[in-house]
Amino acid sequence: MKDCLLCGAGLRNEMPLGDLIRLTPLRKRTICEPCSAAFSPLESFPTCSGCGRKRTKEMPDPCYDCQRWEKDSQFKFINTALFEYNPAMKDYMKRYKFAGDYRLRQVFSERIHEQLRKQSAIIVPVPVGADTMATRGFNQVTGLLESDRYLELLNVRLDKKTIRQSEKNRQDRLMLGQPFEMMAPEKNQIKNQAVLLVDDVYTTGTTIRHAAALLLQAGAASVRGLTLAR
Ligand SMILES: [Zn+2]
Ligand SMILES: [Zn+2]
């Protein structure tokens, strides 16, 4: 018998009631029912068509955040999020990312795999910087993508000062302070292709939109986002 990765309780082999009702294929269980119930899947709620956040009755669609982005940027970006960034998810991220418990990638990898199987775009994970890599020892995004095919196309620039003056003109304000760079040899692989950017959390949207701007500039036909949480 395996133990729940989050609370350590023993996992029984029975099928969760929800899966029985929906007749979904049996997922490899990594956490117990009570731990699982603390997460809030966004597929069961109305969400913002821009960033994927849970939408309340008072909230317009797209949400105010997304409306601001639409005004400020030259391209439309659509993000889908799988779970709400609620206290359980916040706690999960703390343990997975900041305490660096690499086993916890398994908690959601099956769910992410299901989502990615549905579409054919080229999957590009948002990278982490060298300093994060050194302290944490892994990229939390590629950890989540373990069983999936993906292309590591982006790098975090080491030094923001290396952004050359020539890049600081007109067109896209997003390119100012661009924290990422393309890995040159792989650049051609996304020409005229649909790309799906994957990140762990969509917070302000700045990170994933910077990455999207770069991929579009490199010739991607379209770029969408998928995040574990919003
Ligand atoms: Zn548990
Ligand atoms: Zn939104």
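Side notes on the structure shown:
- Theoretical FRET efficiency, 1/(1+(r/R0)^6), r = Cβ-Cβ of Tyr150 and Gln106, R0 22 Å, to 0.05: 0.85
- Loop-located chymotrypsin sites (Phe, Trp or Tyr not before Pro) in segment 95-143 whose Cβ has at most 16 other Cβ within 10 Å (DSSP): Phe138
- ³J(HN,Hα) computed for each position of segment 150-156 - Karplus, 6.51 cos²θ - 1.76 cosθ + 1.60, integer Hz, glycine/proline x: 7, 10, 8, 9, 10, 10, 8
- Integer Hz, Karplus 6.51/-1.76/1.60 couplings in order for segment 49-64, x for Gly and Pro: 6, x, 10, x, 6, 5, 9, 8, 4, 7, 7, x, 10, x, 5, 4
- Sparse packing (at most 16 other Cβ atoms within 10 Å of the Cβ) combined with a DSSP loop state is found for the following GluC sites (Glu not before Pro) in segment 40-89: Glu58.
- Evaluating 6.51 cos²θ - 1.76 cosθ + 1.60 at θ = phi - 60° for every residue in segment 103-110, the Karplus couplings come out as 4, 5, 4, 5, 4, 10, 5, 5 Hz, glycine and proline recorded as x.
- Long pairs among Lys76/Lys187; Lys28/Lys97; Lys28/Lys57; Lys90/Lys191; Lys54/Lys118; Lys76/Lys191, criterion Cα-Cα beyond 25 Å: Lys28/Lys57; Lys90/Lys191
- Residues Leu116, Leu153 arranged by fewest to most Cβ contacts within 10 Å: Leu116, Leu153
- Förster radius 45 Å - calculated FRET efficiency between Glu43 and Ala184 (Cβ-Cβ, nearest 0.05): 0.75
- Take every DSSP beta bridge whose two residues both sit in the chain; close to 25 percent of them are antiparallel.
- Of Lys97, Lys191, Lys71, the residue with the greatest mean-square motion in the GNM of the chain, using alpha carbon springs below 10 Å, is Lys71.
- Highest-first arrangement of 208-214, 89-95, 145-151, where packing means the average Cβ count within 10 Å: 208-214, 89-95, 145-151
Only the coordinates and a few stated rules stand behind these numbers; no lab work does. The structure presented is a predicted model; accordingly, all values stated were derived computationally and were not measured. Backbone-built Cβ (ideal geometry, glycine too); neighbour counts: all protein chains shown.
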